[in-house]
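The values are calculated or read from the model by the stated rules, or taken from the named source; none is laboratory data. Worth saying up front: this structure is predicted, and the values here are computed from it rather than measured. Cβ placement follows ideal geometry from the backbone for every residue including glycine, while neighbour counts extend to all protein chains displayed.
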Amino acid sequence: TAILTRGTGPTDEASCQYFSSNMQPLTGTSYTRHLSVTEVLRLRMDNNPDNRASTIQAAKLLIQSEGAIAADFYAGGGAASPTQPANFYNESTAAYYCNSQDIPNHGVTIVGWDDDFAIANFSAAPPDKGAWLVKNSWGESWGKGGYFWLSYYDATISNLALFKGESAGFVSKMYLHDPMGATYVLATGSGTVRAANIFTAREAGQIDAVAFNTFNPNVTYAVEVYTDIRNGDPVPTHGIREAVQTGTQTYAGYHTIALKTPVPINFGEKFSVVVSITTNGASDASFGIEANVGGLVDTAEIAEGESFISSDGAKWEDMAITTDHNIPVKANVCIRALDRSAANPDPKPTPVPDTRVEDGASCSAFGSMTLLLALSWLAYTKNKKR
């Protein structure tokens, strides 16, 4: 998500090739960025296959209305190599089912489904019939022209996500403190979380959209933009409140909210974006933060007076110097401010950054992910009830 939303990608397979034997990022090169990802809708697949009916239905609706969905699963039992036999894979029917709780190790794209795909098609019998039609990244000689069937009840399916985007020039300027994205999720222990970032305008312009993550479905949000934040008094609400906007988000994920009224900003001016998220009593509210996490990320740059969190909207804790023992790490808040007033619709070559990013992902490490948005048009559904 970090790569695709910060203005780095995505590109197509020809520009940034996936090699199963070489998972290193293509540093020092350039590629053409085709889309600016503005929305990532996430679905949680329950570990218990018996509790998946609502998620399966939600995924079908997204495929029908929006397009293809990314997913992870465990491509083990030999299936991680397209030339070896697999314990979980039936080559004659291109059907895959893993019934053990293994760690997902491969990303693919779900493009359709068949509710009547027979149990007999699998090497091992899943609890019931039905399968996803999946586009793989191992070439057309594997599976059925590069596609295969993945049981609804595979025990390892996870991280279902639909990526939506605009033209590559959709964002002309982006203000952010979290280039590596949400490396840590801060759970608040309450039903509402409030977070804020203070930015300094690099030039005159306007803020016409705000982006942030949600980690719970069916939440209510409120976005506020303040200008004229005073130097020496870095409190995100100590300024002129220029915009207030509320709404709901059905899906967890990354969201870009267009402001109904853009907020003008002047060169050098400090302004803030405040986001409140309420889970409506269903669960504790959480917020995405960029923090140095051992073994994953160690290059997050955290500065005082930039990122804040609050339990009540009145007292704000600076995430760089917080004394709140409920906040375990220093961090940047994952809130972004966008200026699209001078957006250029023509994609430009973009250098591949040599940085470690969220989930350890790189351009080539995504594999089939680089194909995802190009495949959004392919929402094949072999569903008898459609």
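Out of curiosity, is T248 out of contact with any Lys or Arg (no Cβ under 6 Å at 6 or more places or on another chain) and part of a loop (DSSP other than H, G, I, E, B)?
Numbers: out of contact with any Lys or Arg (no Cβ under 6 Å at 6 or more places or on another chain): yes; part of a loop (DSSP other than H, G, I, E, B): no.
When the stated conditions are applied, T248 does not pass them.
Strands (runs of 3 or more DSSP E) fully within the range 134-216 that include at least 1 residues being in contact (Cβ under 8 Å) with a residue 12 or more places away in the chain, farther than 30 Å from G281 by Cα and of a type outside the set (S, T, Y): 147-151, 158-167, 173-175, 192-200, 205-214. Residue count for the range 270-304 under the criterion of being more than 25 Å from T1 (Cα to Cα) and at pLDDT 95 or above: the result is 2. Any residue in the range 45-60 that is of a type outside the set (A, V, I, L, M), in contact with a Ser or Thr (Cβ under 9 Å, 6 or more places away or on another chain) and at pLDDT 90 or above? There is at least one residue in the range 45-60 that is of a type outside the set (A, V, I, L, M), in contact with a Ser or Thr (Cβ under 9 Å, 6 or more places away or on another chain) and at pLDDT 90 or above. Out of T38, T93, one residue alone is crowded, with 19+ Cβ neighbours inside 10 Å, at pLDDT 75 or above and on the phi < 0 side of the Ramachandran plot. It is T38. Residues in the range 96-116 that are at pLDDT 95 or above, of a type in the set (G, A, S) and closer than 16 Å to W138 by Cβ: there are none. In this structure, does Y251 turn out to be aromatic (F, W, Y) and under 20 Å from S307 (Cα atoms)? No; evaluated as a whole, the condition is false for this residue.
Of the residues A168, A195, A201, A211, which is within 17 Å of the chain's Cα centre (by Cα) and either surrounded by 20 or more Cβ atoms within 10 Å (Cβ to Cβ) or of a type in the set (D, E) (or both)? Testing whether each residue is within 17 Å of the chain's Cα centre (by Cα) and either surrounded by 20 or more Cβ atoms within 10 Å (Cβ to Cβ) or of a type in the set (D, E) (or both) leaves just A211. Q64 meets each of the listed conditions (1) in a strand (DSSP E or B); (2) modelled with pLDDT of 90 or more apart from (1). Applying the set (1) assigned to a loop (DSSP other than H, G, I, E, B); (2) in contact with a helix residue (DSSP H, G or I) (Cβ under 7 Å, 6 or more places away or on another chain); (3) within 21 Å of V40 (Cα to Cα) to A70 leaves exactly one unmet item: (1). Sort out which residues of the range 120-133 are closer than 15 Å to A94 by Cβ, in contact with an Asp or Glu (Cβ under 8 Å, 6 or more places away or on another chain) and free of Cβ contacts under 8 Å to residues at least 60 places away in the same chain, and write them in order of number. Scanning the range 120-133 gives a single hit, A131.
Listed by first and then second residue, the pairs with beta-carbon distance under 7 Å, at least 6 apart or on different chains, first residue in the range 288-311 and surrounded by fewer than 16 Cβ atoms within 10 Å (Cβ to Cβ), second at pLDDT 90 or above, are A303/A320; E304/D318; E304/A320. Collect the residues in the range 174-194 that are in contact with a Gly (Cβ under 9 Å, 6 or more places away or on another chain) and of a type in the set (A, V, I, L, M), keeping them in residue-number order. Of everything in the range 174-194, those that are in contact with a Gly (Cβ under 9 Å, 6 or more places away or on another chain) and of a type in the set (A, V, I, L, M) turn out to be M174, A182, V185, L186.
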